[in-house]
């Protein structure tokens with residue numbers, strides 16, 4: 001139970017970090033020096049969604065490999 005909570009907390013942290021990194025690169029790509037609040041929310045939310053997506057794929061791949069080990 002505690003391991004799962006820690007795993008999901010780390011996944012959330014990774015998603016937040018990826019969201020911040022994506023926000024920085026999107027601001028540079030669009031040429032925005034000081035992003036507005038709406039732009040920050042949009043890029044932060046899109047980055048967070050990408051981060052959650054990456055973490056979910058990673059967890060799925062781990063579960064898939066665990067199932068492959070148990071089926072041997």
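Values as computed for the structure displayed
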item: Pick from the range 9-24, criterion farther than 10 Å from residue 52 by Cα and in contact with a helix residue (DSSP H, G or I) (Cβ under 9 Å, 6 or more places away or on another chain), ranking: surrounded by the most Cβ atoms within 10 Å (Cβ to Cβ); result: 23
item: Selection count, the range 29-67, where residues are over 19 Å from the mean Cα position of the chain (by Cα), modelled with pLDDT under 70 and in a helix (DSSP H, G or I); result: 4
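The values are calculated or read from the model by the stated rules, or taken from the named source; none is laboratory data. Predicted, not measured: the structure shown is a model, and the values here were computed from it. FYI the Cβ positions are ideal-geometry reconstructions off the backbone, even for glycines, and counts take in every protein chain you see.
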